[in-house]
Amino acid sequence: MKIGIEAQRLFRSHKHGMDIVVLELIRALQIVDTQNEYFIFVKPDEDRSCLLETPNFHVIEILGFNYIFWEQIMLPIYIKKYGIEILHCTSNTAPLFLSIPLILTLHDVIFMEKSIGKNTSSNYQKFGNLYRKWLVPRLVQKCKKIVTISEVEKVNIIKTLSLKEEAVIVIHNGVSRRFGVMMSNELIAEVRKQWNLTNDFFLLLGNVEPRKNVFNTVMAFASFAEKNAKLKLVITGLDLAFIKDILLKIGKEKLLSQFVITGFVSEKVLYTLYSEAKVFLYPSLREGFGLPILEAMAFGTPVVTSTISSMPEVAGEAAFLVNPFSVEEITFGMKSAYENYNLRQEKIALGYSRISLFTWQKTAEKMLCLYLKISATFDLQNQPVL
């Protein structure tokens, strides 16, 4: 069978969550399936080395001046050119007109919901959301199956798009085996020196989206840090001005020296920060899954995350769960994770057990079963009547 996988943004250097998910899925499929033939459709970009071809996995680069033209015009042309028999689109959207079975991974329907807080999206992001809002309700009616990444999100999708329960299947994300690998002393020393880090720092993956709850998290840390002068909060993905503005608004600008703003970091640096952090903070207001929870657990780092959305489904009892709307609760979660040694060790041990439930091999095996099932059903439906 010739299986097409849409991975348009896979080769970009600064990968986002969905890019990482499809990359890990494809790598796992390369291990679990050596029989079927795969065509990975991507847009040319800088990071071509992230995915290597194997005898039955072919990378096909398709030019296109924007992602809508690439998806709706160019991709169908190449699907026909290579005789693809089933297409899996991996990042919430897909060509609207296809003659072959379509599987869509719909990570979430956050783009269909009212924004939490002030809309900080760029014009490009706003246009993308308008495209998804128009396309997805029409698209889901044409899919053979919709895949999503958590039970919570399945409920959201069914409710938002008025679908039957059997139209949506949950296949959880996994955590890469690269997470949890011991980092070299040289790299640890280099990262510590670059940002003047001691043993006492928390880690937060920054994002300007209000649903990521950076404002409340910074407020909570500021409250805790006032009594812990040596403690720092490392924040990736944001610039200094963003954090300065929050501290000014809450009258805590004197604590700026306890915030380390790294901007975008490489994969190896992120692994090092995960492994060396005392506590990982992830009190988000809304997620489709929450993969960083498992990534931090793989490094033996205790996690403070939310009691709402998909976070409890992913974390189970292995994290410190807090109400993300309560600054006081987030602060208390930090305090428990940092100061309560016995509870901290218990959560770390539970975290190691928790990640074994979420592997990319399991994800790939379930996805392969779905490919085969959809293909068999389609073939049966299209057999001529004798």
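Read-outs: derived from the displayed coordinates by stated rules, not from any lab. Predicted model, so just to flag it, every value in this text is computed and none were measured. Cβ sites come from the backbone with ideal geometry, for glycine too, and all protein chains shown count toward neighbours.
Across segment 20-31, in residue order, what do the Karplus-derived ³J(HN,Hα) couplings come to in whole Hz, using 6.51 cos²θ - 1.76 cosθ + 1.60 with θ = phi - 60° and x for Gly and Pro?
5, 4, 5, 4, 5, 4, 5, 4, 6, 4, 4, 8
Residues with amide H under 5 Å of PHE39's amide H, sequence separation 5 or more or different chain, H placed in the peptide plane at 1.01 Å from N; which?
Residues meeting the amide H criterion: ILE3, GLY4, ILE5, HIS58.
Run the simple label-point estimate for SER353 and SER184 please: 7 Å along Cα→C-beta, distance reported in nm.
3.6
Amide H to amide H, which residues 5 or more places from VAL265 or on other chains are under 5 Å from it, using H placed in the peptide plane?
Those qualifying (amide H under 5 Å, at least 5 residues apart or on another chain) are GLY237.
Does segment 185-355 come out rounded, prolate or oblate, given a ≥ b ≥ c as the square roots of the eigenvalues of its C-alpha gyration tensor, rounded meaning a/c under 1.5 and, failing that, prolate meaning a/b above b/c? Display every interim value, and only then the final one.
Numbers: a/c = 1.40, a/b = 1.13, b/c = 1.24.
Because its axes are fairly even, with a/c under 1.5, segment 185-355 counts as rounded.
Restricting to DSSP loop positions (anything but H, G, I, E, B) with no more than 13 other Cβ atoms inside 10 Å of their own Cβ, which GluC sites (Glu not before Pro) remain in segment 267-338?
Values: sites: GLU267, GLU276, GLU287, GLU295, GLU313, GLU317, GLU328, GLU329; in loops: GLU287, GLU317.
The qualifying sites are GLU317.
By how many degrees, between 0 and 90 and to the nearest 10, does the Cα long axis of helix 341-355 differ from the longest principal axis of the chain?
Tilt of helix 341-355: around 10 degrees.
Working from Cα positions, state the angle (0 to 90°, nearest 10) between the long axis of helix 360-381 and the longest principal axis of the chain.
20
Enumerate the calculated ³J(HN,Hα) couplings along segment 326-337 in order (Karplus 6.51 cos²θ - 1.76 cosθ + 1.60, θ = phi - 60°), each rounded to whole Hz, writing x wherever the residue is Gly or Pro.
Couplings: 9, 4, 5, 5, 4, 4, 5, x, 4, 4, 5, 5 Hz.
Label-point separation (nm) for ALA167 and ASP47, each offset 7 Å from Cα along Cα-to-Cβ?
Going from the ALA167 label point to the ASP47 one covers 3.3 nm.
Over the chain, what is the relative contact order in percent, taking alpha-carbon pairs closer than 8 angstrom and at least six residues apart?
Numbers: 665 pairs, mean separation 57.3, N = 386.
Normalised by residue count, the contact order of the chain is 15 percent.
What share of the DSSP beta bridges in segment 1-112 is antiparallel, in percent to the nearest 5? Walk me through the numbers before you get to the answer.
Values: 1 of 18 bridges.
Percent antiparallel among DSSP bridges in segment 1-112 is about 5.
Please return the longest range in the chain lying between exposed loop sites, taking trypsin sites (Lys or Arg not before Pro), DSSP loop only, at most 16 other beta-carbon atoms within 10 Å, and leaving the sites out. The partial results should precede the final answer.
Details: sites that count: ARG12, LYS114, LYS118, LYS142, LYS164, ARG177, ARG178, LYS227, LYS230.
Value returned for the longest uninterrupted segment is 231-386.
Please report how many Lys pairs in segment 139-225 have alpha carbons closer than 24 angstrom, counting only residues at least 8 apart along the chain or sitting on separate chains.
12
Students often forget the sequence filter, so: which aspartates and glutamates lie under 18 Å Cα-Cα from LYS347 once same-chain residues fewer than 8 apart are removed?
Correct list for LYS347: GLU276, GLU295, GLU313, GLU317, GLU329, GLU339.
Which whole-number percent is the relative contact order of segment 253-332 (Cα, under 8 Å, 6+ apart)? Show your work: numbers first, answer last.
Details: 102 pairs, mean separation 20.1, N = 80.
Relative contact order here is 25 percent.
Can you give me the angle between helix 123-139 and the longest principal axis of the chain, using Cα atoms only, in degrees from 0 to 90, rounded to the nearest 10?
So the inclination is approximately 40 degrees.
Report the charge-dipole magnitude of segment 193-348 in Debye, nearest 20, computed about the Cα centre from +1 at each Lys and Arg Cβ and -1 at each Asp and Glu Cβ.
Working: 16 positive and 16 negative charges, 89 e Å.
Dipole magnitude for segment 193-348 comes out near 420 debye.
If you take the square roots of the eigenvalues of the alpha-carbon gyration tensor of segment 1-130 and sort them as a ≥ b ≥ c, do you get rounded (a/c under 1.5), prolate (a/b over b/c) or oblate? Numbers along the way, then the final one.
Details: a/c = 1.80, a/b = 1.55, b/c = 1.16.
It is prolate, given that a/c is not under 1.5 and a/b is the larger ratio.
Could you list the chymotrypsin sites (Phe, Trp or Tyr not before Pro) in segment 229-267 that lie in coil according to DSSP, counting only those with at most 16 other Cβ atoms within 10 Å of their Cβ? Spell out each step's value before the answer.
Values: sites: PHE242, PHE259, PHE264; in loops: PHE264.
Those that pass, being in a loop and sparsely packed, are PHE264.
DSSP loop chymotrypsin sites (Phe, Trp or Tyr not before Pro) in segment 56-90 with at most 12 other Cβ atoms within 10 Å of their Cβ, which ones? Intermediate values should be presented prior to the final figure.
Details: sites: PHE57, PHE65, TYR67, PHE69, TRP70, TYR78, TYR82; in loops: PHE65, TYR82.
Answer in residue order: PHE65.
Out of residues 5 or more away from PHE259 or on other chains, whose amide H comes under 5 Å of its own, with H placed 1.01 Å from N in the peptide plane?
Under 5 Å from the amide H of PHE259 lie the amide H atoms of LEU233, each far enough along the sequence or on another chain.
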